[in-house]
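Peer 1: Before I ask anything, let me first share the structure, which is written out below as structure tokens.
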Amino acid sequence: MDANLAQYFLTQGPFAVLFVWLFYSSRRESQEREKQLYQTIDDQNEIIKRFSTKYDIIITKLDDMEERLPPR
């Protein structure tokens, strides 16, 4: 029984080690990719926030111009 068990681990062990290494490696890469994705999303949110502020200013100026125009 012990010889069979030892033989099993000798034949299947390298595949188990390879699987664990690949799993760990893919988890680490996906974590790095998620960090980059969240950074990109934060950058885009900042750009949208600045655009929103400028849009509000433009709308306010257009409303002021509309008020100055004579009524139709």
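The values are calculated or read from the model by the stated rules, or taken from the named source; none is laboratory data. Keep in mind the model is a prediction, meaning the values are calculated, not measured. Glycine gets a Cβ as well: all are built from the backbone with ideal geometry, and neighbour counts include every protein chain shown. In case anyone asks, the SASA skips ligands and DNA or RNA and just uses the protein heavy atoms, side chains included. Shrake-Rupley method; radii C 1.70, N 1.55, O 1.52, S 1.80 Å.
Peer 1: Report, by residue number, each residue of segment 29-54 that is at pLDDT 95 or above and among the hydroxyl-bearing types (Ser, Thr, Tyr).
Peer 2: Ser30, Tyr38, Thr40
Peer 1: Could you list, in sequence order, all residues of segment 28-50 that are β-branched (Val, Ile, Thr) and open to solvent by 100 Å² or more (accessible area, probe 1.4 Å)?
Peer 2: Of all residues in segment 28-50, those β-branched (Val, Ile, Thr) come to 40-41, 47-48.
The one that is β-branched (Val, Ile, Thr) and open to solvent by 100 Å² or more (accessible area, probe 1.4 Å): Ile48.
Peer 1: Given the condition assigned to a helix (DSSP H, G or I), free of Cβ contacts under 8 Å to residues at least 40 places away in the same chain, surrounded by fewer than 10 Cβ atoms within 10 Å (Cβ to Cβ) and polar (S, T, N, Q), answer yes or no: does some residue in segment 17-25 qualify?
Peer 2: Let us first name the residues in segment 17-25 that are assigned to a helix (DSSP H, G or I), namely 17-25.
Add one more test, that the residue is free of Cβ contacts under 8 Å to residues at least 40 places away in the same chain, and what stays is 17-25.
Restricting the remaining residues to those that are surrounded by fewer than 10 Cβ atoms within 10 Å (Cβ to Cβ) gives none.
The answer is no, given that none of the residues of segment 17-25 is assigned to a helix (DSSP H, G or I), free of Cβ contacts under 8 Å to residues at least 40 places away in the same chain, surrounded by fewer than 10 Cβ atoms within 10 Å (Cβ to Cβ) and polar (S, T, N, Q).
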